[in-house]
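J.: I'd like to ask you about the structure that follows.
The values are calculated or read from the model by the stated rules, or taken from the named source; none is laboratory data. Only a predicted model underlies this, so the values are computations on that prediction, with no experimental measurement involved. In this analysis, Cβ positions are derived from the backbone assuming ideal geometry, glycine residues included, and neighbour counts consider all displayed protein chains.
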Amino acid sequence: MSMYSRIAATGSALPKTRVTNEDLARRLAAMGVETTDEWIRTRTGIEARRFADPAAGETTTSLAAAAAREAMERAGFEPDTVDLIIVATTTPDMVFPSTAARVQSILGCAGCAAFDVQAVCAGFIYALNAADAMLRAGPYKRAIVVGAETMSRVIDLRDRSTCVLFGDGAGAAALEASDAPGILAARMYADGRHDEKVLGLTARISGGTLEGSPYINMDGRQVFKLAVDGLTGSAEEVAKLAGVSPSEVKLFVPHQANLRIMSMVAKKLGIADEAMVKTVSEHGNTSAASVPLALDAAVKAGRVKTGDLVLLQAVGAGMAWGSAILQWRADR
Ligand code: ACO
């Protein structure tokens, strides 16, 4: 048993193709759908996103594996020392095997535990919480936790209220059991009463055919309100459990869905705007990938140092949400 788990290193991967709001507006106009850079930017804070090109080999699995490999190498973990791989994704390349099993094979970690987590946009927080609990309980000592998505596959370009929001990418964290902090507190929540009518993708395979819709549907206003409430409440809860105040947070890494949601939550929590990571402008909403992508960008920009309090949080369909608060101890 270890007292804590800690993030030893992070990694990320993005598809090559950057699609600006203007690029997307042109693409939609050709289909008779009207949108503008101005509308997208002012309502969401998004300026561009990446779209994967499957013909170039860019898939959820390839992005997940690239992000995981970077985190593993930066942490100095040899492949045969990894005990656990968890991939959070809502856009796996296939129903099974799991994305985690594919990633394990690509990384050369054959034999270790590997499974996927489906908590939609909250997936990375769920996966991190699960890995933290497993590392503290043992016998697992080293884990790679990944969030990876190709949301471009499930957006309907004829639905301007959703298609402008999402992007593709992957982020990862290499975790190890530790007697020094570490993750101080992590909690996950769900309320299934806010079901697929609020936010959902109802497609399923049955009897050899696709049933339901293969595209995201969303009640934007309802999601906005539930997101603000869940994120604020869960952050307050983990801060209390960790015995700290949210205002002490030095690096705030919220789910990158919408700048207005992020700013509203930061304000309610008393977290300074300078502490907030804002990659939504460049990545759009990458669902389970958004938090680890944003964390990795902040780490690479030198925005976090040993001892800093870091708050991670995410929310998505289910509704499912959660927060994690940690003391940054990455020394590699
Ligand atoms: N371009 C131009 N106009 C648009 C677009 C667009 N892309 N999309 C919608 N509009 C129009 C609507 O048709 C509507 O027009 P009308 O008044 O003539 O009917 C008008 O803009 C206002 O639409 P609303 O839906 O009321 O706009 P709102 O200010 O609520 O913003 C948004 C919509 C951005 C989706 C907002 O509700 C939101 O951010 N919700 C949170 C949802 C979210 O973040 N989802 C991500 C997935 S879940 C998650 O990760 C938490």
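J.: Can you run down the residue pairs with Cβ atoms below 7 Å, 6 or more apart or on separate chains, where the first is in region 28-49 and farther than 17 Å from Phe224 by Cα and the partner is within 8 Å of the ligand (Cβ to nearest atom) and of a type in the set (Val, Ile, Thr)?
T.: These pairs meet every condition: Leu28/Thr35; Thr35/Val164.
J.: Further question: How many residues does region 1-51 hold that are among the β-branched types (Val, Ile, Thr) and under 22 Å from Val145 (Cα atoms)? Give the derivation first.
T.: In the first step, residues of region 1-51 are kept if they are among the β-branched types (Val, Ile, Thr); the result is 7, 10, 17, 19-20, 33, 35-36, 40, 42, 44, 46.
If we keep only those that are under 22 Å from Val145 (Cα atoms) as well, we get 7, 10.
Of the residues in that region, 2 qualify.
J.: Is there a residue being in a loop (DSSP other than H, G, I, E, B), in contact with a Lys or Arg (Cβ under 8 Å, 6 or more places away or on another chain) and touching a residue at least 12 places away in the same chain (Cβ under 8 Å) anywhere in region 2-9?
T.: The first filter runs over region 2-9 and keeps only residues in a loop (DSSP other than H, G, I, E, B), leaving 2-3.
Now drop any that are not in contact with a Lys or Arg (Cβ under 8 Å, 6 or more places away or on another chain), which leaves 2-3.
Cutting the leftovers down to touching a residue at least 12 places away in the same chain (Cβ under 8 Å) gives us 2-3.
Among the residues of region 2-9, at least one is in a loop (DSSP other than H, G, I, E, B), in contact with a Lys or Arg (Cβ under 8 Å, 6 or more places away or on another chain) and touching a residue at least 12 places away in the same chain (Cβ under 8 Å), which makes the answer yes.
J.: Kindly indicate the residue of region 125-158 that is under 11 Å from Ala173 (Cβ atoms) and either at pLDDT below 95 or hydrophobic (A, V, I, L, M, F, W, C) (or both) and also nearest to the chain's Cα centre (by Cα) among those meeting that condition. Step through it out loud before you land on a result.
T.: Looking only at region 125-158, we keep the residues that are under 11 Å from Ala173 (Cβ atoms), and these are 127-128, 131-132, 143-147.
Those still in the list that are either at pLDDT below 95 or hydrophobic (A, V, I, L, M, F, W, C) (or both) too: 127-128, 131, 143-146.
Values: Ala127: 10, Leu128: 10, Ala131: 15, Ala143: 17, Ile144: 14, Val145: 10, Val146: 8 Å.
Top of the filtered list is Val146.
Here is a yes/no grid of residues against (1) part of a strand (DSSP E or B); (2) within 13 Å of the ligand (Cβ to nearest atom); (3) without any contact (Cβ under 8 Å) to a residue 60 or more places away in the chain; (4) of a type in the set (S, T, N, Q):
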| site | (1), (2), (3), (4) |
| --- | --- |
| Met134 | no, no, yes, no |
| Ala143 | yes, no, no, no |
| Gly147 | yes, yes, no, no |
| Arg158 | no, yes, no, no |
| Ala170 | yes, no, no, no |
| Glu176 | yes, no, no, no |
| Pro181 | no, no, no, no |
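J.: Pairs, please: C-beta under 6 Å, at least 6 apart or cross-chain, first residue in contact (Cβ under 8 Å) with a residue 12 or more places away in the chain and in region 88-110, second assigned to a loop (DSSP other than H, G, I, E, B) and surrounded by fewer than 23 Cβ atoms within 10 Å (Cβ to Cβ)?
T.: Thr99/Pro92
J.: Let me ask you something else. For Leu201, work out the one condition from (1) within 9 Å of the ligand (Cβ to nearest atom); (2) touching a helix residue (DSSP H, G or I) at 6+ places or on another chain (Cβ under 7 Å) it doesn't fulfil.
T.: So Leu201 meets the others, but not (1).
J.: Go through region 294-332 and give me each residue that's hydroxyl-bearing (Ser, Thr, Tyr) and touching a residue at least 60 places away in the same chain (Cβ under 8 Å). Spell out how you get there, then give the answer.
T.: So the first thing to find is which residues in region 294-332 are hydroxyl-bearing (Ser, Thr, Tyr), and the list is 306, 323.
Ser323 - this is the single residue of region 294-332 that is hydroxyl-bearing (Ser, Thr, Tyr) and touching a residue at least 60 places away in the same chain (Cβ under 8 Å).
J.: Can you tell me which residue within region 274-308, out of those that are touching a strand residue (DSSP E or B) at 6+ places or on another chain (Cβ under 8 Å) and assigned to a loop (DSSP other than H, G, I, E, B), is farthest from the ligand (Cβ to nearest atom)?
T.: Per the stated criteria, the residue is Gly307.
J.: In this structure, does Leu269 turn out to be over 15 Å from the mean Cα position of the chain (by Cα) and either of a type in the set (D, E, K, R) or assigned by TED's automatic domain parsing to the domain that holds Gly220 (or both)? Walk me through it before giving the result.
T.: Details: over 15 Å from the mean Cα position of the chain (by Cα): yes; either of a type in the set (D, E, K, R) or assigned by TED's automatic domain parsing to the domain that holds Gly220 (or both): yes.
Yes: the conditions hold for Leu269.
J.: What are the residues in region 204-239 that are away from the ligand (no atom under 15 Å from the Cβ) and either of a type in the set (Ser, Thr, Tyr) or free of Cβ contacts under 8 Å to residues at least 24 places away in the same chain (or both), if any?
T.: Answer for region 204-239, where residues must be away from the ligand (no atom under 15 Å from the Cβ) and either of a type in the set (Ser, Thr, Tyr) or free of Cβ contacts under 8 Å to residues at least 24 places away in the same chain (or both): Arg204, Ser206, Gly207, Gly208, Thr209, Leu210, Glu211, Gly212, Ser213.
J.: Consider Glu196 carefully, then state whether it is more than 19 Å from the chain's Cα centre (by Cα) and farther than 24 Å from Asp168 by Cα. Steps first, please.
T.: Details: more than 19 Å from the chain's Cα centre (by Cα): yes; farther than 24 Å from Asp168 by Cα: no.
When the stated conditions are applied, Glu196 does not pass them.
J.: So which residues in region 33-60 are away from the ligand (no atom under 13 Å from the Cβ) and surrounded by fewer than 21 Cβ atoms within 10 Å (Cβ to Cβ), if there are any at all? Outline the logic, then answer.
T.: Applying the first criterion (away from the ligand (no atom under 13 Å from the Cβ)) to region 33-60 yields 47-48, 50-60.
Across region 33-60, the qualifying residues are Glu47, Ala48, Asp53, Pro54, Ala55, Ala56, Gly57.
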